[in-house]
Amino acid sequence: MRLVHLSDIHLGFRQYQRQTPTGINQREADVARSMQRVIDKVIELRPELVLIAGDVFHTVRPTNPAILHAFREFSRLMAMLPDATVVMVAGNHDTPRTAETGCILRLFKPLGIAVVDGESQQIRIAERDLTILAVPDMALGRPSLEPDPTSKYNILLLHGEIEGVLPKYGRELDRSPMEISRKELGAEKWDYVALGHYHVYTSIAPNAFYSGSLDYTSTNPWGELAEERELGIGGKGIIEYDLEKKTQIFHALPPARPWIDLTPLSGAGLSPASLDEAIRDALDNCEGGIEEKIVRLVVRDVPRHILRDLDHKALRDYKRKALHFHLDTRRPEIVRPEMGQGAPGRRASLADTVRDKLRSRTLTENIDREALVELGLHYLREADLVAGPTDEEAVA
């Protein structure tokens with residue numbers, strides 16, 4: 001018996017200011033297209049069971065286009081796989097803060113999807129001798145995670161954070177999810193554990209996985225990209241698992257729009273003209289060009305008087321070509337003797353402090369955290385340009 005496990009679709013996610021010809025935020029359209037490609041793959045695989053581990057939408061009250069797209073795609077899934085069982089749990093982004101507000105995912109129940117929100121629910125599928133314990137994000141209470149001893153197969157479907165698994169940036173979300181310890185999880189008790197919340201494909205145990213998100217919709221997509229490179233993961237995707245053979249396959253499905261994190265540059269000792277040339281060369285050598293892509297170039301050790309004299313017309317041209325181009329300039333670290341000690345110490349730069357504060361700050365719904373971070377750093381750079389070089393930089 002085969003299952004497919006997917007999670008963290010985040011329909012309705014918006015980012016940057018570009019719009020489609022029909023007036024939809026371009027990133028919202030990208031995420032919708034990524035979901036469509038994933039549904040195509042699920043239909044191609046034809047599993048007996050489809051597990052959706054939460055965060056179908058980015059907010060508890062998504063846009064009408066996001067709702068219509070989800071309904072259309074899930075309808076297509078159910079029509080093409082009439083014999084499959086589809087189970088969906090609510091994630092922290094789907095779950096209202098008050099019990100009086102209904103969960104948007106209930107709209108999909110008439111399609112034949114088993115939707116679980118608010119409280120955990122045990123779903124027994126007698127014809128497959130299988131029981132699914134479906135655990136949505138729960139603001140109150142701790143669910144008892146125990147399998148059904150009368151079933152041949154037991155599956156745990158859960159949206160939450162497994163203690164000690166997520167890196168720091170993975171925990172910086174608008175609304176913290178339920179946290180479960182590895183002991184509470186008890187992966188060895190289950191035939192399969194399908195997890196949602198963390199946006200990078202991650203193995204917790206041989207039979208327990210985060211499938212990851214379907215697009216780059218977290219507060220730190222560049223952190224996701226770096227981790228995927230380190231782990232040798234081919235980006236986003238879904239998991240296929242065979243309950244009898246106990247084998248799993250991660251099907252990599254690249255998002256609709258390429259994300260390019262260029263090799264960082266050092267601006268140490270470079271004149272504005274030389275740094276302009278280095279930036280131009282980095283972008284010109286981007287495989288396939290930067291047109292309509294999301295691109296970041298980190299340039300370290302750039303004093304603000306050099307930043308002020310860069311070719312800003314060229315930078316605006318780069319931004320027009322790409323869907324989004326982020327020139328992430330970082331000033332040189334200033335090393336001073338620490339108070340009361342003879343050894344020098346590193347002091348965090350103002351940009352580092354602003355970046356960390358904005359990424360950890362609690363936000364209201366519909367605020368794009370990464371856009372807020374970039375806006376804050378943009379204003380900081382603009383202030384640097386107006387202020388001119390510090391005495392230390394002028395001497396240097």
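Structure notes:
- Extending 7 Å from Cα along the Cβ direction at A205 and again at K41 yields two label points whose distance is 2.6 nm.
- Sum of side-chain charges, A114 neighbourhood, beta-carbon under 13 Å (Lys, Arg +1; Asp, Glu -1): +2
- Y318 - accessible surface, heavy atoms, 1.4 Å probe, Å² rounded to 10: 30 Å²
- In the complete set of protein chains, residue-level accessible area for L372 is approximately 50 Å², probe 1.4 angstrom.
- Extending 7 Å from Cα along the Cβ direction at K109 and again at T353 yields two label points whose distance is 5.2 nm.
- Counting heavy atoms of the protein chains alone, L133 has an accessible area of about 10 Å² for a 1.4 Å probe.
- Gaussian network model of the chain, Cα within-10 Å springs - most flexible of P65, P147, P110: P110
- Partners for K236 among lysines (Cα-Cα distance below 23 Å; same-chain residues under 8 apart left out): K41, K168, K246, K293
- Projection of the Cα convex hull of the stretch 248-313, averaged over all directions and equal to a quarter of that hull's surface, yields 6.3 nm².
- Where the Cα pairs of the stretch 189-247 fall when distances are cut into 5 Å bins, in %: 4, 18, 28, 23, 13, 8, 4, 1
- The Cβ shell under 11 Å around I52 holds other residues with a net charge of -3, Lys and Arg each +1, Asp and Glu each -1.
- Over the residues of the chain, the helix contribution to mean residue ellipticity at 222 nm works out to -9000 deg cm²/dmol, using -39500 (n - 2.57) for each DSSP H run of at least 4.
- Fraction of the pair-distance distribution of the stretch 67-218 above 25 Å, Cα-Cα pairs, percent: 30 percent
- Cα-Cα separations in the stretch 163-286 greater than 23 Å, expressed as whole percent: 47 percent
- With the convex hull of the Cα atoms taken as the outline of the chain, the averaged projected area works out to 23.0 nm².
- Cβ-Cβ distance of E188 and A126, R₀ of 25 Å, FRET efficiency by 1/(1 + (r/R0)^6): the value works out to about 0.50.
The values are calculated or read from the model by the stated rules, or taken from the named source; none is laboratory data. Only a predicted model underlies this, so the values are computations on that prediction, with no experimental measurement involved. Quick reminder, even Gly has a Cβ in these numbers, built from the backbone with ideal geometry, and neighbours come from all protein chains shown. The protein model used for the area step is the full one, side chains on, heavy atoms only, and it has no ligands, DNA or RNA in it. Shrake-Rupley method; radii C 1.70, N 1.55, O 1.52, S 1.80 Å.
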